[in-house]
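*Asks:* To start, I am sharing the structure in question, which I have written as structure tokens.
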């Protein structure tokens, strides 16, 4: 349960980051509200997961999942670079997240 919450919280981190990009510095109402609301939900889910997982592991997974999701969305939605070296680096981050899940806590 804690891992499912943590992975969902990480994916929501990407949602709020992308919403805040669309808010143009909190000058556009709906993306601003979405970003802040989803950030609160994501942090709440991280907080619950932290009751059952080590802090370092949980935080690294939360940030890693969010980072990979935002980078992939940037490639898909905003035409950001999909250079092979960049994709390898994203794969390393994803591999680190998987490694943290598989290693004993």
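The values are calculated or read from the model by the stated rules, or taken from the named source; none is laboratory data. These figures come from a predicted structure and were not determined experimentally. Glycine also receives a Cβ, built like all others from the backbone with ideal geometry; neighbour counts cover every protein chain displayed.
*Asks:* For region 69-90, enumerate the residues that are exposed (fewer than 10 other Cβ atoms within 10 Å of the Cβ) and closer than 12 Å to residue 18 by Cα.
*Replies:* Passing the criteria: only 78.
*Asks:* Additional query: Just to be sure before I move on: is residue 25 buried (at least 20 other Cβ atoms within 10 Å of the Cβ) and either out of contact with any helix residue (DSSP H, G or I) (no Cβ under 6 Å at 6 or more places or on another chain) or under 13 Å from residue 69 (Cβ atoms) (or both) in the structure I sent?
*Replies:* So residue 25 does not fit the description; no.
*Asks:* Just for helices (runs of 4 or more DSSP H) wholly inside region 1-88: which have at least 3 residues that are at pLDDT below 95 and more than 20 Å from residue 103 (Cα to Cα)?
*Replies:* It comes to 2-22, 55-78.
*Asks:* Go through (1) under 30 Å from residue 105 (Cα atoms); (2) touching a helix residue (DSSP H, G or I) at 6+ places or on another chain (Cβ under 7 Å); (3) touching a residue at least 40 places away in the same chain (Cβ under 8 Å) for residue 18 and report which single condition fails.
*Replies:* For residue 18, the failing item is (1).
*Asks:* Among the residues that make up region 30-47, is at least one of them within 14 Å of the chain's Cα centre (by Cα), in contact (Cβ under 8 Å) with a residue 40 or more places away in the chain, surrounded by fewer than 17 Cβ atoms within 10 Å (Cβ to Cβ) and on the phi < 0 side of the Ramachandran plot?
*Replies:* no
*Asks:* A further question follows. For region 55-65, give me each residue that is under 19 Å from residue 95 (Cβ atoms) and surrounded by fewer than 15 Cβ atoms within 10 Å (Cβ to Cβ).
*Replies:* Within region 55-65, 56 is the sole residue that qualifies.
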